[in-house]
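Peer 1: Take this structure first; my questions come after.
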Amino acid sequence: MSRRIATGIDIGTYQVKMVVVEELSDKNGGRQLRIIGTGLAESKGLRHGYIVNKEEVAASIREAKRQAESVACVPLRAGFLAVGGISLDEAHATGFAIISRADQEITALDLEKAEKAAREAAAPGFLNRHVLHSIPVEYRIDGTKVLGDPAGMKGVRLEVDYLFVTCLAQHEEALAKAVEDADIEIIDQMASPLAGSYVLLEGDQKMKGCVLANIGAETVSIVVYDEGIPISVKVFPMGSSHITDDIALGLRISLEEAERVKLGRLSGAMYPRKKVDDLIVSRLSLLFALIDKHLKSLGRRGPLPAGIIISGGGAGVGNISDIARGSLKLPARLAELRITADTKIRDATWAVAYGLALWGLTGDTNAPKKSLRVSLGKFFQQFLP
């Protein structure tokens, strides 16, 4: 029997990460997932997640691949790709369908009609963009909200609110080409915030309502959950490198020294701690103000009992949880990646690549991309309201 292995690929502005996961069967017929390889390389040729030099990006991917293959002792020919960066955006639309059957029973055809209508309504915003995910957020039958899959229920008019997660088509194509140039076939793609949420959030947090914020070098990506469903995916052009810039300007020091100061490695030189803290707090407050404004636009500021969960390379800067708590008036904590201690994954910065690999093994991702239910299988079926 062939081995079931999946590889997650996360191409960030500063680092390329790969995680290889194998599915094992025990004697009782159960399944276990084990990390068998990781790869990490410095990203080159990227800016804000955009490719500015495809040869350098492909070289970075090949280096991460080489490391992962060396550890896993298997050739990596295919993988699952995360799509992020500031080209990632969202669109909301409502589609409806008049129930076609004489007995008024809702069928898969009615659901497809509603999704098609929602896509047509959102189409003006899809110019030069590729739709990564179509997620049903709420179903209504004859104006009444229903929980779960409405197929099999009866009514006259079906309405479905959709969240469409999109990215610039040019960016997605360039990213895919760089991966293919590294001799890796892309099986499927997922928006980075959703991939991270797959392993960093608990089911109860998603049901109660929460925001997962991944603070990268040049961007902050968030996914907002309510009643177990992702209701928003957004990326802001601000990251931890902006804190470094602020410290360099405020203290009139080099960027290299500012980075060490930010991380608490003062390199023998002493700088006013209060001024450093003020610079960090000021930038983080601006960052959380962007998130707060977005939550207000969704009408979800406040009623998110599980609060904000912070991940990414910038999550360890200053008293970030306290700053988030004060800015958003929400519970705040750092994300935890719950894995066994004998792996090379050390922290939640690996969550996107790891989540992609798990999705590859647990989701129905090999089917043709005809619709939401077919293309994303088990992963997005958990989002059905």
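Peer 1: Show the residues, 5+ positions off or on another chain, whose built amide H is closer than 5 Å to the amide H of ILE99.
Peer 2: Hits under the 5 Å cutoff: ARG157, LEU158.
Peer 1: Under a GNM of the chain (C-alpha, springs under 10 Å), which listed residue has the highest mean-square fluctuation: GLN67, GLN205, GLN32?
Peer 2: So, out of GLN67, GLN205, GLN32, the one fluctuating most is GLN32.
Peer 1: Helix 240-251 versus the longest principal axis of the chain: what angle, 0 to 90°, nearest 10, using Cα atoms?
Peer 2: It works out to around 30 degrees.
Peer 1: Ok, one more. Please identify which residues in region 237-259 have an amide N closer than 20 Å to a label point set 7 Å out from the Cα of GLU56, following the Cα→Cβ vector.
Peer 2: Taking a point 7 Å out along Cα→Cβ of GLU56, the residues of region 237-259 whose backbone N falls under 20 Å are 238-242, 244-245, 255-257, 259.
Peer 1: Next question. Using a 7 Å offset from the Cα along the Cα-to-Cβ direction at both ARG101 and THR144, what is the distance between the two label points in nm, to one decimal?
Peer 2: 1.8 nm
Peer 1: In addition: Apply the Karplus curve 6.51 cos²θ - 1.76 cosθ + 1.60, θ = phi - 60°, to the phi angles in region 143-152 and return the couplings in whole Hz, x for Gly and Pro.
Peer 2: So the J values, rounded to whole Hz, are x, 9, 5, 10, 9, x, 6, x, 4, x.
Peer 1: Here's a follow-up. Which ordering of MET207, MET190, MET270 is given by a fewest-first count of other beta-carbon atoms within 10 Å?
Peer 2: MET270, MET207, MET190
Peer 1: Given a cut-off of 19 Å, name the pairs among LYS17/LYS44; LYS17/LYS262; LYS113/LYS154 whose C-alpha atoms lie farther apart than that in the structure shown.
Peer 2: LYS17/LYS262
Peer 1: Here's something else I'd like to know. What are the ³J(HN,Hα) couplings of region 271-277, residue after residue, when phi is run through the Karplus curve with 6.51, -1.76, 1.60 and θ = phi - 60°? Round to Hz, x for glycine and proline.
Peer 2: 10, x, 4, 5, 5, 4, 4
Peer 1: Pull up all non-local amide H partners of LEU201: gap of 5 or more, or a different chain, and H-to-H distance under 5 Å with H placed in the peptide plane.
Peer 2: Amide H to amide H, under 5 Å and 5 or more residues apart or across chains, LEU201 pairs with nothing.
Peer 1: Hey, what did region 202-334 get for relative contact order, percent, Cα under 8 Å, at least 6 apart?
Peer 2: Normalised by residue count, the contact order of region 202-334 is 28 percent.
Peer 1: Where does each of LYS274, LYS344 land when they are ranked from fewest to most other beta-carbon atoms within 10 angstrom?
Peer 2: LYS274, LYS344
Peer 1: OK, next. What percent does the relative contact order of the chain come to when contacts are Cα pairs within less than 8 Å and at least six residues apart?
Peer 2: That works out to 18 percent.
Peer 1: If we count other beta carbons within 10 Å of each Cβ, what is the order of GLU69, GLU256, fewest first?
Peer 2: Fewest-to-most Cβ neighbours within 10 Å comes out as GLU256, GLU69.
Bear in mind these aren't lab numbers, they're just calculated from the coordinates by the rules spelled out. Here the structure is a predicted model, which means the values were calculated and not measured. Note: ideal-geometry Cβ built from the backbone for every residue, glycine included; neighbour counts use all protein chains shown.
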